[in-house]
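Values quoted throughout were computed directly from the atomic coordinates according to the rules given, and no laboratory measurement underlies them. Not measured: the values here are computed from a predicted model. Ideal geometry is used to build each Cβ from the backbone, glycine not excepted, and the neighbour counts take in all protein chains shown.
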Amino acid sequence: MSAWTLWTWISIGVLAGGAPAIFVWFCRDAGRLFRETGGELDHRGGAAAGRPRRGPDPRED
Amino acid sequence: MTALDYIIIAAYLVGMVAIGVVLSRRIGSFREFFVAAGHLTTPLLVCTLVSTYYGLDVLFGGSEVAYQEGVVAWFGYTRPYYVAILLAALLVAPRLKRHDFLSLPDVADHYYGRGTRAVVAVACFLYALPLLSIMGIGILLDVLLGVPFVWGVLVGAGISLAYTVLGGLLADAFTDTVQFALMCVTLGIACALVLRVQGGMDGLQAALPAEFFRPGGTYPPSVLLVFAASALSALVEPAFYQRIFAAINYRAVLIALLLGIALWAAYDWVTTVLGMAAAARGIEAEPRYALLTLTLDVLPAGLRGLFVAGVLATAMSTIDSYLLIAGGNLAYDLYRPLVRPDMDDRAVLRLTRSMTAAAAAASVCFALFFRTVVSAWIFMSTVLIAAALVPLLAGLFSRRPQPAAAGLASSLTGLGVALLFYVLIHVNGRYDEEWATQIWTFELGGRVFELWQEHAVLFALPASALAFLTARLLAARARARTIAAAPEAYHG
């Protein structure tokens with residue numbers, strides 16, 4: 001087997017095997033990451049986040 | 001393309017946009033939008049680094065060189081990047097993580113003040129324009145559907161612009177993970193299938209001229225030097241910096257970059273092999289179209305759709321990331337510090353989103369101006385290297401503070417020389433069909449000289465370094481004169 005062939009099959013192995021392995025690693029990590037993000041927001045997401053509320057603040061009652 | 005292929009592509013695109021919409025609802029501040037509030041972990045960093053930095057420019061640019069020249073595409077064009085990325089991981093990243101920076105111009109501002117920040121922001125903006133991936137979508141639509149390149153570029157930019165304003169870095173990084181896995185796996189499978197048809201690497205060696213397997217190819221040494229020099233852009237790469245700032249800690253950055261180097265090396269080699277296989281198969285297409293034409297020719301139905309979805313997604317993830325950076329450059333790095341320092345966070349976030357439209361428009365103009373993917377890439381990396389490399393590395397690695405004038409002189413001179421060089425070459429030169437680049441031939445002292453547009457970095461980088469040293473020397477002399485005139489002010 002030539003060096004070109006060996007390097008090519010190693011590269012194919014890294015792409016076809018390594019990338020899914022890292023994706024599985026990410027999936028195990030994603031839930032925790034999702035919970036941790038958004039901490040700098042108030043509890044309203046998207047376009048409503050950070051805007052002044054209309055009307056009286058319910059927390060004041 | 002069969003109906004199954006189109007269904008796979010449509011399902012994939014809808015899935016990506018859905019992820020973007022869901023996650024974009026969690027963005028409320030500029031820091032969350034731009035650096036995901038520093039929450040990115042190792043696997044997410046690997047996926048987003050690999051898929052963002054490797055857009056269609058690498059896929060089509062690398063295969064373009066391989067189709068014409070062979071393995072030099074890997075040895076000469078992409079291999080220097082691994083060295084630069086390794087240096088960035090080991091030397092630059094730990095220093096950056098000591099500070100609370102949000103962008104590359106933030107670093108320039110920290111060491112040299114607002115003037116250098118502005119010049120680096122302009123260079124960064126030019127570099128971050130995702131024109132290569134927009135060109136890639138133009139190529140893709142041309143090859144798949146016969147849409148003229150100009151219209152493909154406009155459609156690609158329009159779709160990407162709509163997608164970009166939906167999500168910040170977090171949404172971008174999450175979609176990158178799916179895109180990363182899909183792109184790597186489909187490229188690996190495509191290569192295996194193509195090699196089976198072509199008789200393996202031995203078959204390629206039998207079908208192609210021996211020069212195709214020469215690591216230096218047939219390029220003149222000066223062009224190989226330019227390729228190596230353009231790799232220095234990895235040391236001042238805004239997407240790298242943004243992800244370093246977004247990382248949860250330095251260890252995550254280091255592991256991600258080391259894993260990334262292995263994946264990039266594999267990806268580049270497979271791209272090179274596919275470009276060479278296209279040449280061996282006798283595919284008659286524009287060099288930048290070669291890989292796509294070959295894979296669509298060889299892959300079966302279903303896999304073809306998956307591969308195209310991966311290619312589209314790779315383009316979208318890169319466009320999204322770099323439009324985000326370019327928008328941030330205009331709003332956060334230029335407009336707020338120079339025009340409205342009292343601008344609040346929500347206003348910066350809104351302005352950043354709207355500035356992506358300007359970035360997309362500029363990308364379309366550049367995408368139509370450059371004729372090859374490689375020449376466009378060299379221009380963008382030249383501008384960034386010329387303006388940012390010397391002052392930023394000097395700031396990061398000097399023990400003493402450097403004079404602000406040195407940073408400003410270096411970045412202005414580098415940027416100015418790079419742009420002037422390109423103007424001169426395009427005004428005085430001509431387009432060379434053989435080398436697919438702009439060349440200016442002139443006589444000096446009875447000898448004939450050739451200047452390629454790719455040579456710009458060889459003039460601009462030394463000019464930037466020289467300007468830095470000169471300004472530093474002048475500042476030191478001025479300081480010495482001031483001390484000599486009033487020594488008590490300095491020694492108490």
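With contacts taken as Cα pairs under 8 Å at a separation of at least 6 residues, segment B:144-290 carries a relative contact order of 33 percent. Using a ≥ b ≥ c from the Cα gyration tensor of segment B:216-263 (square roots of the eigenvalues), is it rounded, prolate or oblate, where a/c under 1.5 gives rounded and otherwise the larger of a/b and b/c decides, a/b for prolate? Cα axes put segment B:216-263 in the prolate bin. The distance between label points at B:Phe449 and B:Phe149 comes to 3.1 nm (points 7 Å beyond Cα on the Cα→Cβ vector).
Charge dipole (Cα centre; +1 on Lys/Arg Cβ, -1 on Asp/Glu Cβ; no other charges) of the protein assembly as shown amounts to roughly 1580 debye. Between amide H atoms placed 1.01 Å from N, distances below 5 Å from B:Thr437 occur with B:Asp432, all of them 5 or more places distant or on a separate chain.
The label point for B:His99 and the one for B:Phe369, both projected 7 Å from the Cα toward the Cβ, are 3.0 nm apart. Is chain B best put as rounded, prolate or oblate by its Cα gyration tensor, with a ≥ b ≥ c the root eigenvalues, rounded for a/c under 1.5, and otherwise prolate when a/b is larger than b/c, oblate when not? Verdict is oblate for chain B.
Please label the shape of the protein assembly as shown as rounded, prolate or oblate, based on the square roots a ≥ b ≥ c of the eigenvalues of the alpha-carbon gyration tensor (a/c under 1.5 means rounded; beyond that, a/b larger than b/c means prolate, else oblate). It comes out oblate by the Cα gyration axes.
The relative contact order of chain B comes to 28 percent, based on Cα pairs under 8 Å that sit 6 or more residues apart.
Label zone (B:Arg430, point 7 Å along Cα-to-C-beta; backbone nitrogen cut-off 18 Å) within segment B:437-453: B:437-444, B:448-453.
Along segment B:402-417 the Karplus relation, 6.51 cos²θ - 1.76 cosθ + 1.60 evaluated at θ = phi - 60°, assigns HN-Hα couplings of 8, x, 4, 4, 5, x, 5, 4, 5, 5, 5, 5, x, 5, x, 5 Hz to successive residues, with x for each Gly and Pro.
Within 10 Å, at most 10 other Cβ atoms, and a DSSP state outside H, G, I, E, B define an exposed site. Report the longest part of chain B free of exposed trypsin sites (Lys or Arg not before Pro).
Working: sites that count: B:Arg98, B:Arg399.
Longest stretch, sites excluded: B:99-398.
Within chain B, the longest segment free of exposed loop sites, counting GluC sites (Glu not before Pro) that fall outside DSSP classes H, G, I, E and B and have at most 14 other Cβ atoms within 10 Å, spans B:1-283. Using θ = phi - 60° in the Karplus curve 6.51 cos²θ - 1.76 cosθ + 1.60, the 3J(HN,Hα) couplings for segment B:318-325 round to 6, 4, 4, 4, 7, 5, 4, 5 Hz; x is entered for Gly and Pro. Extension gain for the segment B:Ser398 to B:Ala3, taken as residue separation times 0.36 nm less the Cα-Cα distance, is 136.2 nm to one decimal. In the protein assembly as shown, the DSSP beta bridges split such that about 90 percent are antiparallel, to the nearest 5.
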